[in-house]
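The structure appears below as structure tokens.
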């Protein structure tokens, strides 16, 4: 840790909008005043921990008054993957770090995914879902993603920005009901996914901890030549296998994602052709020409 660095400098998974240098006795600290987090940790000249500080750099609990258990929890929650939390970093390749999603990174990841899907994913673009609305959808998935520890983000090691995400969850556990109330533009998407998923689940007894669901794959279009999408899938597969999942499942909506998952050994099971899908008497995906349909694919992991 650099001299006087506040441990929560990377809280909220975003570049701080405002950093101010303050003085505390004989120690300089950097305080995040761009966000109003409840607390953080401050370190001194010799990397010694000074204590719990508020959002304005004022020590509210000296380090000698923090119990060992509370101390460990604070380090885990505030240092996160940036300092001492190497267990959250799963892979590194071509200047990109692949990490399990932390709750502080949800908003940044949601914004990135919203922009990627609204501009380049065939179903979202055909339905005209704005990036802000898609980001809200991703935020609703946040608690489930964080709890299950199956979602992986890609972070550019130079800029520290999130440049990709593979939103992955347990297929046997239903997503939050709130996603069904995001608005009429999402309704055709829920309908076509439900059609595919119902056909797949019909003759299978899905149990928790067995089916790894590759839900949403998003990559910043400006990040090319780094194999981010493939590395996200690979890292999620390895993480899921380590947690004991037996089968991987994905509803791939475009030729690129379908190609990537086939490269990893996923096999086509069911397909809904865009030109044939009707919602309330309308051919809602009729504008999609470069992709044939949504394909549900799976792969045995063990």
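The values are calculated or read from the model by the stated rules, or taken from the named source; none is laboratory data. Quantities reported herein were computed from a predicted structural model and do not represent experimental measurements. Counting neighbours? That spans all protein chains shown, and the Cβs are built from the backbone with ideal geometry, glycine included.
Table for the structure above
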read-out: Where a residue in the stretch 215-243 is touching a residue at least 24 places away in the same chain (Cβ under 8 Å) and at positive phi and its partner, wherever it lies, is crowded, with 17+ Cβ neighbours inside 10 Å and not in a helix (DSSP H, G or I), with Cβ under 9 Å and at least six apart; value: 227/96
read-out: Of all residues in the stretch 208-234 being out of contact with any strand residue (DSSP E or B) (no Cβ under 9 Å at 6 or more places or on another chain) and at pLDDT below 95, the one that is farthest from residue 140 (Cα to Cα); value: 225
read-out: Strands (runs of 3 or more DSSP E) contained in the stretch 36-139 and holding at least 2 residues over 20 Å from the mean Cα position of the chain (by Cα) and at pLDDT 55 or above; value: 40-43, 49-53, 59-62
read-out: Every residue from the stretch 140-178 that is surrounded by fewer than 16 Cβ atoms within 10 Å (Cβ to Cβ) and in a helix (DSSP H, G or I); value: 143, 147, 177, 178
read-out: Condition broken by residue 237, with the remaining ones in (1) buried (at least 21 other Cβ atoms within 10 Å of the Cβ); (2) out of contact with any helix residue (DSSP H, G or I) (no Cβ under 9 Å at 6 or more places or on another chain); (3) closer than 22 Å to residue 137 by Cβ satisfied; value: (3)
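Each row is one residue, and each column tells you yes or no for (1) within 22 Å of the chain's Cα centre (by Cα); (2) loosely packed, with under 12 Cβ neighbours inside 10 Å.
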{"residue": "258", "(1), (2)": "yes, no"}
{"residue": "274", "(1), (2)": "no, no"}
{"residue": "286", "(1), (2)": "no, no"}
{"residue": "289", "(1), (2)": "no, yes"}
{"residue": "298", "(1), (2)": "yes, no"}
